[in-house]
Ligand code: NA7
């Protein structure tokens, strides 16, 4: 029987960010032996790597923290409404200490490959240090935004200055004093880093190809009394979040844009704008589903930009006009538009005059203009959702490569499992809500689902669970049909793979919201893992 099949550990967990850390904790609690791996020197995942100045979460700190332990909730004190990267990293280090997670994690070591052995129903994982680890279960907590996208610009090696990518920032603080700096990219990372660099640099050039909608965070420092009061209501706050499509404790909108007259609409928009943050997009029920409603929100944001940015030409360039608000991720900023009122900041429109390459002195544009700089910051994003999985050499049944299976776009059952890859589980994978909801909650929910599934495998004397192709097709089609009825294809973005040349254009998320997703997962589990092959243990050869 498989009980005698030799494995080094029950489960390997790849990645030590939020999902990986909770997976190690939960599986260990279930009595499994676990080994975690991470290429970083410590825990943190995305919050380990994205150390650029201004890096901050766009989900409020009280919500962007583990919910599974009321003790952890009460012991930790957030200092700001929106936590900065150093504070989130300290929080994850605190969790790792408190739960003694590091003893099961090998740091500075990447997992490069994993091969499934059909006879023993085990995974053999190979690491960057050359170690091979055999496990029954393989969990990929590799992160949706962990592989940097660095455009290859002709002449890059000739550039005389320093270059950085926001997603792999040095550990020592970078000093921009007295330097001319260019930031390429105006997504969340560029919009966060630009104001901070501008404060230091001699001159900052912001190279914008596509303007993004951004909403001021109106961040604040928690007063002890207010924080204590918020924490006293933590359990209720969490209960509300689990029932919200985005995993947010804030009430869902109840009114449509045109249920109120223009004056009232403006009043409501203003009131909510003053609250700050991405929830502004949820002021009315129909902003991301109805184009006329969307246009009202867009007009309001344009007005805000004109009010804030002194140079009307710059204001116009900062205003997105070619796609609906919400079709790409809405950014949340602190002082972004104000940055362009500084005399030492220049917005460069590289849609109009594209970057042609680098030369020793800086960036050469198509017009022949050279933007002379000392430092270049790539805020150019990530090979999102699939990149961290497809760069691994993962071989399932018959030696099938996962990256080949996903050549036309990722296909999963529930965003968690892949046909032909028994006992392999994705966390926040394509086909799950992932970053469209509060990722800490989605991580907990998926880890819990996977841990329960492993419990089922063991208690039923099975060797493995494996997604049936039909269930995978049905889930993938369900995701695609939700996507078709959304505005997501009306803008090029990493949501649909449009930021990476040659990447298939599919929306890589489940759009039905967290509660519906949880119901779908729970129904599958309750129905004896409907849509999953139960691989029996008696067919397994002892190794
Ligand atoms: P994003 O949102 O993918 O933004 C990347 C930015 O870089 C975006 O403005 C791109 O312009 C720009 N970009 C990328 N390649 C180039 C080239 N070759 N030339 C000029 N401009 C370029 O990444 P972020 O890191 O900001 O945010 C990712 C997520 O992390 C974010 O949504 C949060 O969830 C956290 P484009 O729009 O493609 O014209």
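For the pair residue 263 and residue 234, a Förster radius of 60 Å applied to the C-beta separation gives a FRET efficiency near 0.95, rounded to the nearest 0.05.
Computed over the alpha carbons of region 28-114, Rg followed by Dmax gives 14.2, 41 Å. Panel order for 306, 328, by other beta carbons found within 10 Å of each beta carbon, from fewest to most: 306, 328.
What FRET efficiency would be calculated for the residue pair residue 458, residue 156, taking the C-beta separation as r and a Förster radius of 56 Å, to the nearest 0.05?
Numbers: r = 51 Å, r/R0 = 0.92.
The calculated FRET efficiency here is 0.65.
Between the Cα long axis of helix 18-29 and the first principal axis of the chain there is an angle of about 20°, rounded to the nearest 10.
For helix 514-526, report the angle its Cα long axis makes with the longest principal axis of the Cα atoms of the chain; keep it between 0 and 90° and round to the nearest 10°. Tilt relative to the chain: about 10 degrees. Counting only DSSP H runs of at least 4 residues, each contributing -39500 (n - 2.57), and dividing by the residue count of the chain, the helix-based mean residue ellipticity at 222 nm comes to -9000 deg cm²/dmol. Put the Cα centre of region 139-185 next to the Cα centre of region 62-105 and the gap is 27 Å. May I ask for the angle, rounded to the nearest 10°, between helix 85-98 and the longest principal axis of the chain, with both axes built from Cα atoms and the value confined to 0 to 90°? Once rounded, the angle reads 20 degrees. Region 378-408 and region 311-334 have Cα centres lying 32 Å from one another.
So how far, in whole Å, is the C-alpha centre of region 342-356 from the one of region 6-51? Between the Cα centre of region 342-356 and that of region 6-51, the gap is 42 Å. Pop the C-beta distance of residue 255 and residue 519 into the FRET formula with R0 = 25 Å and round what comes out to the nearest 0.05. The formula returns an efficiency of 0.45 here.
Sort 64, 48 so the one with the fewest other Cβ atoms within 10 Å of its own Cβ comes first.
Going from least to most buried by this count: 64, 48.
Taking all Cα pairs closer than 8 Å and separated by 6 or more residues, the relative contact order of the chain comes to 20 percent. Using a 7 Å offset from the Cα along the Cα-to-Cβ direction at both residue 74 and residue 361, what is the distance between the two label points in nm, to one decimal? About 6.5 nm separates the two model spin labels. Placing pseudo-labels 7 Å out from each Cα toward the beta carbon at residue 498 and residue 393 gives an inter-label distance of 3.6 nm.
Rule-based calculations on the coordinates, nothing more; no lab input. Here the structure is a predicted model, which means the values were calculated and not measured. Note that we place each Cβ from the backbone using ideal geometry, even for glycine, and neighbour counts take in every protein chain shown.
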